[in-house]
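Only the coordinates and a few stated rules stand behind these numbers; no lab work does. What you see is a predicted model; the values in this text were computed from it and never measured. FYI the Cβ positions are ideal-geometry reconstructions off the backbone, even for glycines, and counts take in every protein chain you see.
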Amino acid sequence: MKAKFITVEGTEGVGKTTNIEFIKTWLQSREIEFIATREPGGTPLAEEVRDCLLRNREELVDSTAELLLVFAARAQHINTLIRPALERGIWVLCDRFTDATFAYQGAGRGLDKNLITLLENEVQKGLHPDLTLYLDIDIELGLERASLRGEFDRFEKEQVSFFEKVREGYKERVAQNPSRYAVIEAGQALQEVQIDIKQALEKWFPLEK
Ligand code: Z5A
């Protein structure tokens, strides 16, 4: 089977980190060679950009500057890690990707979606995930879960209304191209969430006979 590109998306405290561990175990059980990575980040340079983006600071961060930093990190990540891995037959499992940009910088910050699409086309040159697991959760419940983790970064300090817009942004993306997404009800007990994730993985990537 051709190497696949899987992304995991959702708002705060939705359980991406927890469920990525579950997906890794599923990939191992299939003896699939893969790398697990994340955005922003995934390479030393892109991780430095991540740090710039997430760090709490006095200076107000301009939304367009934020968007360009996200795509600068993404260009480095795609061209030095993701695309070379896929070309070598290695699957890529990525914690967030461009759907997060449409949700956070587009819907959340209110930036022009046409500008995001322009950058997406230029930077990705046709690369898109084969499957995006979108974990959906009530914002208050997600924030409650996330609050257990301690100190909040620059994004986590946003208001509930910001995350509501982000959630709507994700839903809009799913509605525009439903065949790429598996929508997972992440408010359920973890075991139920993982049953749904496993079903989606088996539907998208059935065993070859
Ligand atoms: N960002 C952006 O603006 N634009 C972009 O293009 C990209 C990103 C790519 C960093 O992302 C920030 O970057 C992000 C958007 C921005 N903003 N924020 N915030 P991140 O993915 O690194 O950060 P995060 O969203 O905070 O994710 P996280 O730290 O990985 O958390 P999580 O994956 O959502 O949750 P978790 O750590 O797996 O779970 C949270 C807690 O809930 C934990 O205690 C779990 O044990 C518990 N949990 C999980 N599932 C369950 C269930 N089912 N029941 C009960 N408890 C559960």
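Numerical summary
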{"read-out": "Local electrostatic count at ILE139 - Lys and Arg +1, Asp and Glu -1, tallied over other residues with Cβ under 9 Å", "value": "-3"}
{"read-out": "Percent RCO, i.e. relative contact order, over the chain, from Cα pairs under 8 Å lying at least 6 residues apart", "value": "33 percent"}
{"read-out": "Sum of -39500 (n - 2.57) over DSSP H runs of 4+, divided by residues of the chain (222 nm, nearest 500)", "value": "-14500 deg cm²/dmol"}
{"read-out": "Given charges at beta-carbon only (K, R positive; D, E negative), |dipole| of the range 128-209 in Debye", "value": "260 debye"}
{"read-out": "Computed magnitude of the charge dipole of the range 6-100 (debye, nearest 20; Cβ of K, R +1, Cβ of D, E -1)", "value": "320 debye"}
{"read-out": "Charge-dipole axis of the chain as Lys and Arg at +1 and Asp and Glu at -1 on Cβ define it, positive-most pick from THR80, THR132, TYR170", "value": "THR80"}
{"read-out": "Relative contact order [Cα under 8 Å, 6+ residues apart], the range 98-200, whole percent", "value": "42 percent"}
{"read-out": "Signed unit charges on C-beta, dipole axis of the range 1-140, positive-most listed residue THR43, ILE90, VAL70", "value": "ILE90"}
{"read-out": "Residues of type lysines that LYS171 reaches as a straight line, Cα spacing below 27 Å, ignoring anything fewer than 8 places off in the same chain", "value": "LYS4, LYS16, LYS24, LYS113, LYS125, LYS157, LYS198, LYS203"}
{"read-out": "Ranked GLU185, GLU66, criterion: other C-beta atoms within 10 Å, fewest first", "value": "GLU185, GLU66"}
{"read-out": "Anisotropy class of the range 86-160 from Cα gyration tensor, a/c 1.5 cut", "value": "oblate"}
{"read-out": "Under the span-like rule (Cα at least 20 Å along the axis, Kyte-Doolittle mean at least -1.0), DSSP H helices of the chain", "value": "63-77, 160-176, 190-204"}
{"read-out": "Extension gain from THR17 to ILE90, taking 0.36 nm per residue of separation minus the Cα-Cα distance", "value": "24.2 nm"}
{"read-out": "Separation between Cα centres of the range 143-209 and the range 43-106, rounded to whole Å", "value": "18 Å"}
{"read-out": "Overall form of the range 1-114 per C-alpha gyration tensor (a/c, 1.5; a/b vs b/c)", "value": "prolate"}
{"read-out": "Size of charge dipole - the chain - debye, nearest 20, with Cβ of Lys, Arg +1 and Asp, Glu -1, no other charges", "value": "700 debye"}
{"read-out": "Cα gyration tensor category, rounded, prolate or oblate, for the chain with a/c compared to 1.5", "value": "oblate"}
